[in-house]
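S.K.: Let me begin by handing over the structure; questions about it come next.
The values are calculated or read from the model by the stated rules, or taken from the named source; none is laboratory data. What you are looking at is a predicted structure, and each value in this text was computed from that prediction instead of being measured. Here Cβ is always computed from backbone atoms with ideal geometry, including for glycine, and neighbour counts include all displayed protein chains. Side chains included, ligands, DNA and RNA excluded: accessible areas come from the protein's heavy atoms. Shrake-Rupley method; radii C 1.70, N 1.55, O 1.52, S 1.80 Å.
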Amino acid sequence: MTRVLSVASECVPLVKTGGLADVAGALPGALAALGDDVKTLLPGYRAVMNKVKKPRVVSKFENFFGGNARLLAAKVTNLDLLILDAPHLYDRDGSIYLGPDGNDWPDNPERFAALSYAAAVVAEEGAGKWRPDIVHGHDWQAGFVPEYLQKLQDKTTKTPFVFTIHNVAFHGNTSADRLASLRLSDWRFNADHFEFWGQISALKAGLTGADRINTVSETYAEELMTPQFGMGMEGVLRARASDLSGIVNGIDTDVWNPATDPEIKAFKTPKGKSPNKTALRKEFGLDKAPGPLCVLISRLTHQKGIDLILDALPALLHRGGQLALLGSGDTQLEVALLERAAQEPNLAVKIGYDEALSHRMMAGGDAVLVPSRFEPCGLTQLYGLRYGTVPLVALTGGLSDTVINASPAALTQGVATGVQFNPITADALANAFIRLSDLYAAAETWEKLQKNAMKQPVGWETSAAAYSALYESVLKD
Ligand code: ADP
């Protein structure tokens with residue numbers, strides 16, 4: 001049994017902007033089933049404080065990164081939470097990362113340094129009687145944890161730190177004149193620790209200071225060490241190659257269960273998707289069509305390859321296919337999608353974030369599209385597998401590791417679960433649309449693909465066991 005302090009800037013069901021929140025919310029329960037004891041440290045954003053009932057005060061911090069703060073304990077669903085209640089940092093309207101002007105909050109470095117510092121205090125002093133054996137930080141927001149552990153703890157008793165990269169694109173960089181306000185040690189502002197091209201980098205602090213680093217798929221772990229995917233951190237990661245591994249994400253198979261999902265007409269076999277498809281077409285104002293009804297649920301950014309969809313779309317539409325898209329993000333992409341949808345009767349676009357609708361889309365869609373330029377793990381293809389919604393994905397990162405391409409060999413052996421395309425270009429995506437349409441037209445082959453998809457183990461069991469083993473191996477060292 002390992003006591004783990006998980007440090008995350010977002011966590012389902014309280015706050016979510018992306019896949020990190022799903023992982024932080026689901027992994028503790030899966031680890032508990034294996035006997036590990038996880039508490040999750042989360043910022044006390046306004047949205048969090050509003051949802052948490054009767055928290056217990058564990059400790060108080062005076063003059064903590066610009067104001068007074070408290071550490072609170074609370075239970076939400078099956079999560080044991082420690083909440084850093086620091087109103088001067090977190091009690092604000094708007095997004096958890098961005099101010100009303102759409103830019104990062106100017107004090108983001110301090111906001112997440114405070115979170116990391118609180119984690120180090122819990123590691124050293126405990127929260128009540130509970131003290132972690134290990135701290136597990138997620139992304140740059142937890143990157144300074146090893147710096148503060150190094151400050152607060154003796155070398156011989158230092159709590160081990162495991163660092164998970166969900167997306168290496170975000171570095172949490174800031175200018176060197178914030179060393180003092182971030183409570184960092186001047187003497188460690190160098191290339192071996194957290195200095196990155198003259199700036200302070202929270203991500204680099206985590207990468208250089210962690211006892212083990214992992215990311216959310218094996219392929220992405222390899223990719224991260226290359227200039228194409230490493231986003232400038234490839235050298236730092238190569239230097240730590242022997243401590244770097246990949247563990248693919250799972251999904252919450254209770255929340256995403258087609259047999260019990262309250263949002264949909266429940267089903268256990270691919271045939272049961274049919275009434276959901278009719279309902280989905282109605283909801284998106286799409287007529288009947290002979291080709292596959294594709295769905296896409298995503299942040300609308302360059303990373304996610306949304307522009308490729310716009311370019312490759314004719315190949316799908318010419319074959320009688322349709323696309324229902326839900327997302328929000330870059331204004332330019334939102335506008336381009338809406339304009340195109342106004343011209344194309346078989347393209348329907350909803351701009352927004354809508355969890356319930358995303359379930360109905362997975363239930364009613366024939367195929368789910370994930371044409372990402374890079375994708376550390378990706379979750380929507382996993383929901384697709386679970387709901388018999390055949391994933392059409394770019395061959396990258398976790399999309400490589402979780403989908404079996406319908407190659408002639410895989411089809412002959414009856415193991416294919418989806419369609420992959422490579423290189424990640426509009427032309428290759430257009431070809432993939434044609435392959436998808438051909439597969440869809442061959443009803444028996446298509447149903448076999450759907451059944452294979454639905455059989456894939458996409459829950460947390462295997463991955464939680466891998467995390468538990470990772471913790472044990474760090475503690476053994
Ligand atoms: P990332 O973390 O890079 O955004 P992931 O695929 O790992 O990508 O996770 C995205 C998560 O957010 C998934 O659970 C996905 O269903 C959800 N999501 C993204 N956009 C929307 C949206 N507009 N409405 C509902 N859910 C969304």
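S.K.: Suppose we filter A356, A394 for residues that are crowded, with 24+ Cβ neighbours inside 10 Å, modelled with pLDDT of 95 or more and within 16 Å of the ligand (Cβ to nearest atom); which single one remains?
M.R.: Selected residue: A394, the only one of A356, A394 that is crowded, with 24+ Cβ neighbours inside 10 Å, modelled with pLDDT of 95 or more and within 16 Å of the ligand (Cβ to nearest atom).
S.K.: Of everything in the stretch 222-268 that's under 19 Å from W460 (Cβ atoms) and away from the ligand (no atom under 16 Å from the Cβ), which residue is surrounded by the most Cβ atoms within 10 Å (Cβ to Cβ)?
M.R.: Within the stretch 222-268, the first condition is being under 19 Å from W460 (Cβ atoms), and the residues that meet it are 245-261.
Okay, now just the ones that are also away from the ligand (no atom under 16 Å from the Cβ), so 245, 259-260.
Details: S245: 15, A259: 10, T260: 10.
Ranking the candidates gives S245 first.
S.K.: Now for a separate question. Suppose we keep only residues that are under 18 Å from V390 (Cα atoms) and surrounded by fewer than 23 Cβ atoms within 10 Å (Cβ to Cβ) within the stretch 299-324. Which one would you say is nearest to the chain's Cα centre (by Cα)?
M.R.: My answer is L313.
S.K.: Can you name the number of the only condition in (1) within 19 Å of F65 (Cβ to Cβ); (2) open to solvent by 30 Å² or more (accessible area, probe 1.4 Å); (3) of a type outside the set (G, A, S) that T157 fails?
M.R.: In the conditions (1) within 19 Å of F65 (Cβ to Cβ); (2) open to solvent by 30 Å² or more (accessible area, probe 1.4 Å); (3) of a type outside the set (G, A, S), T157 misses (1) alone.
S.K.: Going by the conditions given, is E339 without any contact (Cβ under 8 Å) to a residue 60 or more places away in the chain, open to solvent by 70 Å² or more (accessible area, probe 1.4 Å), part of a helix (DSSP H, G or I) and assigned by TED's automatic domain parsing to the domain that holds G285?
M.R.: On the way: without any contact (Cβ under 8 Å) to a residue 60 or more places away in the chain: yes; open to solvent by 70 Å² or more (accessible area, probe 1.4 Å): yes; part of a helix (DSSP H, G or I): yes; assigned by TED's automatic domain parsing to the domain that holds G285: yes.
When the stated conditions are applied, E339 passes them.
S.K.: Being within 12 Å of the ligand (Cβ to nearest atom) and either open to solvent by 70 Å² or more (accessible area, probe 1.4 Å) or assigned to a strand (DSSP E or B) (or both) is the filter here, so list the residues in the stretch 342-353 that pass it. Walk me through it before giving the result.
M.R.: Taking the stretch 342-353 first, the residues within 12 Å of the ligand (Cβ to nearest atom) are 349-353.
Residues satisfying the conditions are V349, K350, I351, Y353.
S.K.: To continue, here is another question. What's the number of the condition I200 fails, among (1) crowded, with 22+ Cβ neighbours inside 10 Å; (2) modelled with pLDDT under 95?
M.R.: Checking I200 against (1) crowded, with 22+ Cβ neighbours inside 10 Å; (2) modelled with pLDDT under 95, the one that fails is (2).
S.K.: Say whether the condition of being out of contact with any Pro (no Cβ under 8 Å at 6 or more places or on another chain), within 16 Å of the ligand (Cβ to nearest atom) and either in contact (Cβ under 8 Å) with a residue 12 or more places away in the chain or in a strand (DSSP E or B) (or both) is met by at least one residue in the stretch 312-323.
M.R.: Taking every residue of the stretch 312-323 in turn, at least one turns out to be out of contact with any Pro (no Cβ under 8 Å at 6 or more places or on another chain), within 16 Å of the ligand (Cβ to nearest atom) and either in contact (Cβ under 8 Å) with a residue 12 or more places away in the chain or in a strand (DSSP E or B) (or both).
S.K.: Pairs needed: first member in the stretch 448-477, over 23 Å from L34 (Cα atoms); second member anywhere, surrounded by fewer than 19 Cβ atoms within 10 Å (Cβ to Cβ); C-beta distance under 7 Å; at least 6 residues apart or different chains.
M.R.: From the stretch 448-477, the pairs are K448/G414; N452/V415.
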